[in-house]
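A short write-up of the structure that comes next.
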């Protein structure tokens, strides 16, 4: 029955596309004359999607989430556009030039990363309450309307043991993003230095390190992290805060294998250059070679890799926390919040704002990774000079 | 043909070697645990005899190398040991036999089948969908459709699996009660009902995997479109669809097969989080539960299975790309 509806719908869309093209051809325009039926079908699908979207937005009373999504998208687009406009006219020449050729997605990414950075650094000043502060009123509903179980003092409500959710969301930026950033830095320090060392020295060290990395990379990273976290939790015992430190080290080591691969590949391309040969003949030491000759020439690929690696680390940490073995309470963190609040999603029909709570925490994670990906995508596109 | 067999055998041997080394890594990692399980399960007030009895029964009093070889030997015969959490320790001290239920293999087997079912449903939806979308994006590159697809796939790649899962639950299970949000699957369930309960987790995984596969398919085809023989086909006056399907696709097959195998390998990690969200009784959920209660034999076994599947799929990708590419088949 459902299948029949789908087939009928496709046939109707093809017919609509054909009519659309036929109508276009009467104007004598060359675009319509050369148009494939498949392209016309695409236009028909787009037309129906836009009409359905407008209908849902204005006429369907219950489509609250859809309206929020559309509003969010429009606000994001406008903010990105304004930010790019600002960047084009304010600041030194070099950044103004950068902003001039920037796609909207990249300016949205930069803006989002800036906002997250501000939230993370000044979380203590921005958040209305402390992250572990417990209040007497538990399970206050979001919205701040006392008539339906809200409280103006807690705009997003409180959780099962009475902690302010808005404050925890803001502190989550500090903890989740901060820990992910520190982990990525550690992974780069470890993997980068090992990779450059292997590339410069070569020989048995290179062979040994590369084989170790091969083996470590043969185990899927999340699985390996979970295995090591089992052991770490036994080591930490009742000191839960130690577990967070162990997690940082474990994920840094696992991810440093990927950094090592890149650093070694980039480094071994550089060490065969003539200027390295010249530096060696001058009698420069290993430190000088790595920091003064190789590193400056490897910045661009490493920087792009840093962005991507940060996303992976961030998602791994969020997943581990979501599974209950990552960042430990009382630290507020988005992965744990999603898990704790996930039951609220069943209230979507009665109180959309309550149901949106777990999505806010999960969306905060998604938004940052999307933003970083947009920026990295643009950087790679720019540096590779791809015009396809 | 002889050289192909040799290369494939070489890769196979290399894969087995990797698996062997990985099993050593897993075993060593587990043995870094402070104290041992006998102490942990009996707590502070245990008598020396009781601890020793459990150690003897679990074989914890033997040297590590011997224990590793025994573990590996048993694992190869399908016996992955006894689950600490399920074992009845009253039985241990007395008879030294374990009930059938407590063995790791008997717990993993049905869940492994469930996970394979989930992965199978996902692949059945994701592979044709992503190939079609990838070809379309390559065909209409730089159009509105392509840009929209680019933004959508980038977003779904960067989102954590549980975000996509909860959004699907919100729209397909809570607001419109079409599909069940919990996948309580039990033995003896009909195929239709089973499929219905698996559909939501499978759709979540599809979103993640499709995005990857589609981007890679698009990139592989666009890469080929720059070659002279495609230019030639176009100058002959062939339609764009025919150029892609008849001329570009056969040569893009090798990278695409590679992409599919790699993404199925990626599925292995994604399955863990998604199974937890939907309470799907698969091997990923078992793994996470065992990690939380530190059930060492179970963690070891799950880890080994995940790693084996991962290595196997990567190996498959490797071999398929050699077999499907004549230039790799006859190396100079």
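Conditions tested, residue by residue: (1) under 17 Å from residue B:19 (Cβ atoms); (2) in contact with a helix residue (DSSP H, G or I) (Cβ under 9 Å, 6 or more places away or on another chain); (3) within 11 Å of chain A (Cβ to nearest Cβ); (4) in contact (Cβ under 8 Å) with a residue 60 or more places away in the chain.
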| position | (1), (2), (3), (4) |
| --- | --- |
| B:239 | no, no, yes, no |
| B:267 | no, yes, yes, yes |
| B:281 | no, yes, no, yes |
| B:293 | no, no, yes, yes |
| B:296 | no, yes, yes, yes |
| B:302 | yes, yes, yes, yes |
| B:311 | yes, yes, yes, yes |
| B:317 | yes, yes, no, yes |
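A single entry from B:202, B:211, B:119 fulfils the requirement of being within 12 Å of another protein chain (Cβ to nearest Cβ), touching a residue at least 12 places away in the same chain (Cβ under 8 Å) and either surrounded by 18 or more Cβ atoms within 10 Å (Cβ to Cβ) or out of contact with any helix residue (DSSP H, G or I) (no Cβ under 8 Å at 6 or more places or on another chain) (or both): B:211.
Could we say that residue A:295 is farther than 22 Å from residue A:248 by Cα, surrounded by fewer than 19 Cβ atoms within 10 Å (Cβ to Cβ) and touching a residue at least 60 places away in the same chain (Cβ under 8 Å) here? Yes, satisfied.
The residues of segment A:57-72 that are part of a helix (DSSP H, G or I) and more than 12 Å from chain B (Cβ to nearest Cβ), listed by number, are A:57, A:58, A:59, A:67, A:70, A:71, A:72.
Being in contact (Cβ under 8 Å) with a residue 12 or more places away in the chain, over 30 Å from residue A:367 (Cβ atoms) and out of contact with any strand residue (DSSP E or B) (no Cβ under 8 Å at 6 or more places or on another chain) narrows it down to one residue among B:169, B:125, B:135, B:157; which is it?
Numbers: B:169 fails: over 30 Å from residue A:367 (Cβ atoms); B:125 fails: over 30 Å from residue A:367 (Cβ atoms); B:157 fails: over 30 Å from residue A:367 (Cβ atoms).
Just one listed residue meets the conditions, B:135.
Scanning for something out of contact with any strand residue (DSSP E or B) (no Cβ under 7 Å at 6 or more places or on another chain) and modelled with pLDDT of 85 or more, does segment B:183-198 turn up at least one residue? Can you show your working first?
Let us first name the residues in segment B:183-198 that are out of contact with any strand residue (DSSP E or B) (no Cβ under 7 Å at 6 or more places or on another chain), namely B:183-198.
Subset that is modelled with pLDDT of 85 or more: B:198.
Yes.
Just checking, which of A:303, A:286 is surrounded by fewer than 19 Cβ atoms within 10 Å (Cβ to Cβ), at pLDDT below 90, under 26 Å from the mean Cα position of the chain (by Cα) and assigned by TED's automatic domain parsing to the domain that holds residue A:181?
Numbers: A:286 fails: under 26 Å from the mean Cα position of the chain (by Cα).
So the residue among A:303, A:286 that is surrounded by fewer than 19 Cβ atoms within 10 Å (Cβ to Cβ), at pLDDT below 90, under 26 Å from the mean Cα position of the chain (by Cα) and assigned by TED's automatic domain parsing to the domain that holds residue A:181 is A:303.
Among the residues making up segment B:294-309, those that are surrounded by fewer than 23 Cβ atoms within 10 Å (Cβ to Cβ) and within 10 Å of the chain's Cα centre (by Cα) are B:305, B:308, B:309.
Inside segment A:339-353, can you point out the residues that are over 17 Å from residue A:161 (Cβ atoms) and not in a loop (DSSP other than H, G, I, E, B)? Give the derivation first.
Of the residues in segment A:339-353, the ones over 17 Å from residue A:161 (Cβ atoms) are A:345-353.
A:345, A:346, A:347, A:352, A:353 - these are the residues of segment A:339-353 that are over 17 Å from residue A:161 (Cβ atoms) and not in a loop (DSSP other than H, G, I, E, B).
Every residue, every condition in (1) surrounded by 15 or more Cβ atoms within 10 Å (Cβ to Cβ); (2) within 8 Å of another protein chain (Cβ to nearest Cβ), yes or no:
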residue	(1), (2)
B:139	yes, no
B:144	no, yes
B:155	yes, yes
B:159	yes, yes
B:164	yes, no
B:167	yes, yes
B:170	yes, yes
B:178	no, no
B:182	no, no
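The values are calculated or read from the model by the stated rules, or taken from the named source; none is laboratory data. All figures in this text were calculated on a predicted structure; none of them were measured in a lab. Neighbour counts run over all protein chains shown; Cβ positions are idealised from the backbone, glycine included.
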